[in-house]
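Values in this text are rule-based calculations from the coordinates and carry no lab data. Please read these numbers as outputs of a predicted model, since none were measured by experiment. A quick note on method: Cβ atoms are made from the backbone with ideal geometry, for glycine too, and the neighbour counts reach across all protein chains shown.
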Amino acid sequence: MFTFRPIGYVHSPYKDTSSIPRGLGAKHEAEGTLEILREFEPGLADIEGFSHLYVIWAFDRAEGYDLLAHPPTDEKRPHGVFSTRSPRRPNPIALTVVELLRRDGNSLHVRGVDMLDGTPILDIKPYLSSIPEEKLRRGWLAEVEARKG
Ligand SMILES: C[S@@+](CC[C@H](N)C(=O)[O-])C[C@H]1O[C@@H](n2cnc3c(N)ncnc32)[C@H](O)[C@@H]1O
C-alpha cells in the first residue's frame, strides 16, 4: 500500500461536475490556480520555464470503481476503465495537462483545468512530449470520431 499526501489544492471555477465540459470535442480552457502548500514551495523553483505541466491529482469525490466504463464520448458501448479517463477507477488518480500562465509565489495560474474546486494535488511535473503525432493511435476514440464526424 502507498500513502500520498496532497502537495496543494486546485482553485477552479467548477463547483459541481455538471459544469465541467465533457464528451467529444469538449474544450478545457478554464483558468484556475494550483495553490501549493508553503512547505513544498521550494520545489517550484525553475517551473516558470515550462509552458505546460502535468498535474497528477486525486478524484477525491469519486466513489468505487467499474472495470467497464461508459464514457460520455461513446454511448454505443462500454470500454475497459484503463482505456478511459473515468473518475471511477481502482486507484482514483487523475492526470491533466495544463498551460502555465504565471507563477505567483506558491500559486501557479494555469489554463485547462478539469477538476472540481478544492481538488487535492498529488504531484506536478513538466510536460515534455516526444512522441511524433504519426506514431500516436487513438484507439476506440478514433472510431467514435470517425462515426460522429
Ligand atoms: C473524465 S475525468 C478526466 C480527468 C483527468 N484529465 C484525467 O484524464 O485523468 C474529468 C471529470 O472528473 C470529474 N471530477 C473532477 N474533479 C473531481 C474530483 N475532485 N473528484 C471526483 N471527480 C472529479 C468531473 O466529472 C470531470 O468532468
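Data table
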| read-out | value |
| --- | --- |
| Overall form of the chain per C-alpha gyration tensor (a/c, 1.5; a/b vs b/c) | prolate |
| Low-density loop cleavage sites - GluC sites (Glu not before Pro) in the range 52-106, where at most 11 other Cβ are within 10 Å (DSSP) | Glu63, Glu75 |
| Amide proton proximity set for Leu101, modelled H, under 5 Å, gap of 5+ | His109, Val110, Arg111 |
| Cut-off under 5 Å, modelled amide H: who pairs with Glu31 long-range | Gly112 |
| Lysine pairs with alpha-carbon atoms under 28 Å apart, the chain, spacing 8 or more or separate chains | 10 |
| For the chain: relative contact order, % (alpha-carbon pairs under 8 angstrom, 6 or more apart) | 36 percent |
| Most mobile listed residue (Asp114, Asp123, Asp46) in the chain, GNM with C-alpha springs under 10 Å | Asp46 |
| Simple label model, 7 Å out from Cα along Cβ direction - Leu95 to Ala146, nm | 2.5 nm |
| Cα centroid separation - the range 92-149 against the range 14-43, whole Å | 10 Å |
| Listed residues Arg138, Arg61, Arg85, most fluctuating in the chain (Gaussian network, C-alpha, under 10 Å) | Arg138 |
| Calculated FRET efficiency for the pair Lys125/Ala26, C-beta based, R₀ 35 Å, to 0.05 | 0.90 |
| Modelled FRET efficiency - R0 25 Å, Ser51 with Phe4, Cβ distances, 0.05 increments | 0.40 |
